[in-house]
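The values are calculated or read from the model by the stated rules, or taken from the named source; none is laboratory data. The structure displayed is predicted, hence computed values, not measured ones. Glycine also receives a Cβ, built like all others from the backbone with ideal geometry; neighbour counts cover every protein chain displayed.
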Amino acid sequence: MIKGKQSVVFDKPVYIEAVASIVGEKEGQGPYGKYFDIVSNDPMMNTNTWEEAESKLQELAVDKLFDKSGIGKDDVRYMFGGDLLGQLIATSFGLKKYEIPLFGLYGACSTFGEGLSLAAMCVSGGYAESVIALASSHFASAEKQFRFPLEYGNQRPMASTWTVTGCGAAMVTERKTDVRISGITTGTIVDYGVKDSMNMGACMAPAAAALIAANLADMDVDESYYDKIITGDLGTVGQKILIDLLREKGYEITNRHMDCGIEIFDGESQNTMAGGSGCGCSATMFCGSLIDRIRSGEWNRILFVPTGALLSTVSYNEGKSVPGIAHGVVIERGV
């Protein structure tokens with residue numbers, strides 16, 4: 001199962017039984033709005049705080065996942081979940097009612113890729129028959145924690161991204177379906193010394209480039225092996241850096257690269273600057289649209305690469321740089 005320096009290819013097949021996605025009003029108004037299971041017009045989700053609202057996103061996504069998969073909570077062995085908030089409070093409060101053993105994850109905006117990777121390893125290793133992987137983010141809870149209170153009304157630089165309000169959840173199982181996780185590549189922390197906390201694309205692009213290059217080397221393939229190479233939330237700034245970095249390594253991905261952060265919003269009409277970001281960005285895009293394009297046969301194989309900026313208000317206020325990380329998941333159509 002071990003492949004190269006950073007990758008694993010599963011000799012015991014792992015499948016995705018079902019997915020569920022819930023997003024906010026702004027995401028529902030974007031180009032992919034029709035693909036999400038639930039679009040909520042209430043950013044508070046009928047709760048009292050932004051943090052409680054994000055917990056509600058997770059709860060509704062998991063409930064929808066149970067409905068769509070036909071798998072009950074008693075048949076789920078583990079959950080792998082995370083969010084952007086300190087001590088994973090959106091996850092702990094959002095998932096506590098299920099009483100399912102939980103691994104709380106923090107990989108910043110790469111968390112959904114991390115969750116899918118660990119869930120697939122768990123199922124392929126024989127430690128569980130069904131596992132849930134999920135990740136969420138909320139625009140207002142993220143702004144409150146990482147940047148400025150919404151009431152401040154600060155200007156946003158052109159390189160900034162808009163945190164997605166949403167949650168995506170996937171049921172990973174050994175039951176044969178039309179979508180398979182065939183392998184993973186686990187990322188390393190990459191730090192180019194960028195200190196601009198409002199330019200997440202520049203912080204994460206080097207990690208994405210390193211991950212993609214590692215995957216291609218480990219699998220002994222070139223970029224044409226994949227119908228699409230899909231990053232999490234580099235945005236327009238990070239995409240340009242990624243393409244340049246991979247070109248320096250001898251790979252040309254311009255015509256097969258896609259970024260969830262660029263796709264989820266209409267940048268011009270929705271005023272989202274460089275695009276979308278947050279744990280919920282890649283999670284909702286994967287669960288809302290990308291997996292359907294695999295099921296339909298539009299794509300037969302993709303490299304899904306959620307990306308994360310590993311910072312906190314403590315670290316960047318102390319003058320630290322913003323390291324990045326990315327996790328790759330190979331998704332294929334059919335058995």
- request: Residues being outside any strand (DSSP E or B) and on the phi < 0 side of the Ramachandran plot: count how many of those fall in the range 2-57.
  value: 32
Neighbours by Cβ (under 9 Å, 6+ apart or cross-chain): first from the range 196-215, in contact (Cβ under 8 Å) with a residue 24 or more places away in the chain; second of a type in the set (D, E, K, R) and part of a helix (DSSP H, G or I): 201/240; 205/240; 205/244; 209/244; 209/248; 212/223
query: Can you find even one residue in the range 146-155 that is on the phi > 0 side of the Ramachandran plot and surrounded by 23 or more Cβ atoms within 10 Å (Cβ to Cβ)?
result: no
message: Yes or no: the range 303-324 includes at least one residue that is at pLDDT 95 or above, assigned to a helix (DSSP H, G or I) and farther than 15 Å from residue 204 by Cβ.
response: no
statement: Considering the range 222-270, residues that are more than 20 Å from the chain's Cα centre (by Cα) and of a type in the set (Phe, Trp, Tyr), and then whichever is surrounded by the fewest Cβ atoms within 10 Å (Cβ to Cβ), we arrive at 225
message: So, residue 331, is that one part of a helix (DSSP H, G or I), in contact with a strand residue (DSSP E or B) (Cβ under 9 Å, 6 or more places away or on another chain) and not polar (S, T, N, Q) or not?
response: no
- prompt: Given the structure, is residue 93 outside the structural domain of residue 284 (by TED's automatic domain parsing) and more than 25 Å from residue 305 (Cβ to Cβ)?
  reply: yes
field: Answer from 49, 111 - the residue that is closer than 16 Å to residue 281 by Cβ and polar (S, T, N, Q)
entry: 111
- prompt: Mind checking which residues of the range 231-266 are part of a loop (DSSP other than H, G, I, E, B) and either under 21 Å from residue 160 (Cβ atoms) or modelled with pLDDT under 95 (or both)?
  reply: 232, 233, 234, 264, 265, 266
field: Enumeration of residues in the range 190-218 that are surrounded by fewer than 20 Cβ atoms within 10 Å (Cβ to Cβ) and under 19 Å from residue 116 (Cβ atoms)
entry: 218
message: When you check residue 82 against the structure, is it surrounded by 16 or more Cβ atoms within 10 Å (Cβ to Cβ), touching a Ser or Thr at 6+ places or on another chain (Cβ under 7 Å) and of a type outside the set (A, V, I, L, M), yes or no?
response: yes
task: Name the one entry in 169, 210, 205, 217 that is assigned by TED's automatic domain parsing to the domain that holds residue 77 and at pLDDT 95 or above.
output: 169
field: Tabulated pairs, the range 112-127, first in the same structural domain as residue 16 (by TED's automatic domain parsing), second at pLDDT below 95, C-beta under 7 angstrom, 6+ apart or interchain
entry: 124/12
message: Test of understanding: among 134, 102, which residue is without any contact (Cβ under 8 Å) to a residue 40 or more places away in the chain and either farther than 12 Å from residue 168 by Cβ or of a type outside the set (Ser, Thr, Tyr) (or both)?
response: 102
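Residues are listed down the side, and each one gets a yes or a no for (1) under 20 Å from residue 162 (Cα atoms); (2) of a type in the set (A, V, I, L, M, F, W, C):
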{"site": "10", "(1), (2)": "no, yes"}
{"site": "39", "(1), (2)": "yes, yes"}
{"site": "49", "(1), (2)": "yes, no"}
{"site": "58", "(1), (2)": "yes, no"}
{"site": "61", "(1), (2)": "no, yes"}
field: Within the range 56-78, considering residues that are surrounded by fewer than 24 Cβ atoms within 10 Å (Cβ to Cβ) and hydrophobic (A, V, I, L, M, F, W, C), the one nearest to residue 21 (Cα to Cα)
entry: 60
